[in-house]
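Scroll down for the structure; my scribbles are underneath it.
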Amino acid sequence: MRNTVMIPALLALSVGLAACSHQPNANLENAKTNYTALQTNPEATKVAALETKDAGEWLDKAEKAYLNKDDESKVDQLAYLTNQRVEVAKQTIALRTAENQLKNAGSDRAQALLDARDAQIKQLQSLNAKQTDRGTLVTFGDVLFDFDQAQLKPNSRESIATLSNYLIQNPDRKVIVEGYTDSKGSASYNQGLSERRANAVKAALVRAGVDSSRIVAQGYGKEYPVADNGSNSGRAQNRRVEVTISNDNQPVAPRSSM
C-alpha cells in the first residue's frame with residue numbers, strides 16, 4: 001500500500017520538473033516586449049488597429065507554439081514574424097499620423113506629405129535602391145547566398161525584412177525577382193541556379209507576409225551581366241538577385257519582353 005501511494009507522487013514530481021525545464025525563449029520574450037510597447041501607444045488602436053491586431057495574432061501563435069513545446073525554430077520564426085508586424089504597425093502609425101496632419105496643417109501640408117513619403121523611401125535607401133525605367137531596383141549580391149548555393153544566409157534576414165516591410169506598407173506595388181549568375185559552369189546549371197535563388201527570395205518575402213500573387217520570380221542564368229566575367233570581382237558582381245518594384249499597380253515587365 002505504501003508503494004502505491006508513492007508512485008503517483010513521484011510521477012507528479014517528474015511532471016513538475018519537466019515543466020520547470022521549459023526554458024524561456026529569448027526571441028519570444030523580445031516579441032512580447034515589443035508588442036507590449038506597441039500597445040502602450042494610444043495611436044495603435046486609433047490609426048493602426050488592423051496592423052496591431054495582426055501583430056497580436058502572430059504573438060498568440062508564437063506563444064501557443066512555445067506552450068505546446070514545438071520545435072524552437074518554429075517559435076523563433078513566429079516571434080520574428082510578430083516583430084515584423086509590430087514594425088509594420090509602428091510605421092503605419094507614423095505614416096497615418098503624418099497624413100492626418102495634412103488635413104490640419106495648412107501651409108505645412110506639402111512638407112508633411114514629403115516627410116511621410118521620405119520615411120518610406122528611407123527603408124529602401126538602406127538597400128541602395130535606385131530608380132530605373134522598369135521601377136525601383138534593389139540589387140542583392142553575395143550578401144544573400146553562399147557561393148554556388150541557393151539557400152538564403154541567416155544574415156540576409158534584415159535585408160528581407162526591410163524589403164518586405166516596405167511591400168506590406170505599399171500593397172498596390174508589384175514585384176519581379178530576377179536571379180543571375182556569372183559565366184562559370186554550363187548554361188543549364190547557371191539557369192537552374194538563378195531560378196532557385198530568385199524563388200528563394202520570393203519564398204522569403206511570402207513567409208514575411210507579402211502576397212505571393214504580387215511577386216514574379218525569374219532566372220536568367222549568365223545573361224545580362226553588369227560587369228566583365230574575366231575577373232573575380234566582375235564575376236562576383238554578376239552573381240546577384242535583382243528585385244524591381246513597380247511604380248504603380250501594374251506588373252513589372254520582365255527583361256525578356258523589353
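The values are calculated or read from the model by the stated rules, or taken from the named source; none is laboratory data. Quick caveat, the model's predicted, so the values are computed rather than measured. As a convention, Cβ positions derive from the backbone with ideal geometry for all residues, glycine included, and neighbour counts pool all protein chains shown.
Restricting Gln149, Gln120, Gln125 to residues that are under 25 Å from Thr244 (Cα atoms) and modelled with pLDDT of 75 or more narrows the list to Gln149.
Contact map, region 214-240: first residue small (Gly, Ala, Ser) and buried (at least 21 other Cβ atoms within 10 Å of the Cβ), second residue at pLDDT 90 or above and assigned to a loop (DSSP other than H, G, I, E, B), Cβ cut-off under 8 Å, separation 6 or more or different chains; pairs are Gly221/Thr181. Residues that are crowded, with 17+ Cβ neighbours inside 10 Å, out of contact with any Lys or Arg (no Cβ under 6 Å at 6 or more places or on another chain), outside the structural domain of Leu50 (by TED's automatic domain parsing) and assigned to a helix (DSSP H, G or I) do occur in region 142-156, at least one of them.
How do the helices (runs of 4 or more DSSP H) wholly within region 1-94 filter down when requiring 2 or more residues that are hydroxyl-bearing (Ser, Thr, Tyr), outside the structural domain of Tyr166 (by TED's automatic domain parsing) and modelled with pLDDT of 90 or more: which remain? Lay out the reasoning, then the answer.
On the way: elements: 2-20, 26-39, 44-47, 49-67.
So the answer is 26-39, 49-67.
Among the residues here, Leu163 does not qualify as at negative phi, in contact with a helix residue (DSSP H, G or I) (Cβ under 6 Å, 6 or more places away or on another chain) and outside the structural domain of Lys74 (by TED's automatic domain parsing). The set of residues from region 176-191 being free of Cβ contacts under 8 Å to residues at least 60 places away in the same chain and either charged (D, E, K, R) or in contact with a strand residue (DSSP E or B) (Cβ under 7 Å, 6 or more places away or on another chain) (or both) comprises Asp182, Lys184, Gln191. Leu81 meets all of the listed conditions (1) in contact (Cβ under 8 Å) with a residue 12 or more places away in the chain; (2) surrounded by fewer than 21 Cβ atoms within 10 Å (Cβ to Cβ); (3) among the hydrophobic types (A, V, I, L, M, F, W, C) but one, namely (2). Annotation: of all residues in region 128-139 being in contact with a Leu (Cβ under 8 Å, 6 or more places away or on another chain) and either among the hydrophobic types (A, V, I, L, M, F, W, C) or within 17 Å of Val201 (Cα to Cα) (or both), the one that is modelled with the lowest pLDDT is Ala129.
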